[in-house]
Amino acid sequence: MSESSLPPSDGQRSDQPQNIATAIADVSERATLLIREEIELAKAEVTEKTTKLAKGAIIGAAAGIFFVMALVFALVGCAWLLYYYLPGNDFTYFWGFFAMALILVLLGALAGLIAARAVKRSAPPTPDMAIEEARKIRDTVSAPGPAPIAATTPTQPPVAAPPGGEG
């Protein structure tokens, strides 16, 4: 009688539940590790996007300050212009104020464009990569059965007959 036709001994039967328990524990540990890594990925993504959003907000605030200062200079320039048109004055100081206001408007527009670009790239701060990975994991785990694996059998090269006949 061959050994494979014999019923499994009691030692082999007791090993099976232990192997299953070990496998379940291993799967549980790996799933926990996978979830922790996904959480870390999500945190990293949100941190990166929030940082970009904060940078955009700071540049946007700078743009706002430039526009407010431009308004101040424009108003001061208008004040000098009014002063110029009053009788008895021969001053032309207002052109300097208007030139400064124009420079500040250009800087404000540039900073505003940079801020808008930064905010567009980072908003909303969602962890897209982590969500995609979680979807892939969910699809893999909830699949109806194991994916068919193409069975490949190693082929051995044909053995050449020795010279001089069979032997």
Subset of the stretch 36-80 [buried (at least 16 other Cβ atoms within 10 Å of the Cβ) and without any contact (Cβ under 8 Å) to a residue 40 or more places away in the chain] | 69, 70, 73, 74, 76, 77, 80
Test: residue 94 is surrounded by 17 or more Cβ atoms within 10 Å (Cβ to Cβ) and at pLDDT 85 or above | no
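The values are calculated or read from the model by the stated rules, or taken from the named source; none is laboratory data. As the structure is a computational prediction, the values presented were derived from the model and not from experiment. Note that each Cβ is placed from the backbone with ideal geometry, even for glycine, and that neighbours are counted across all protein chains shown.
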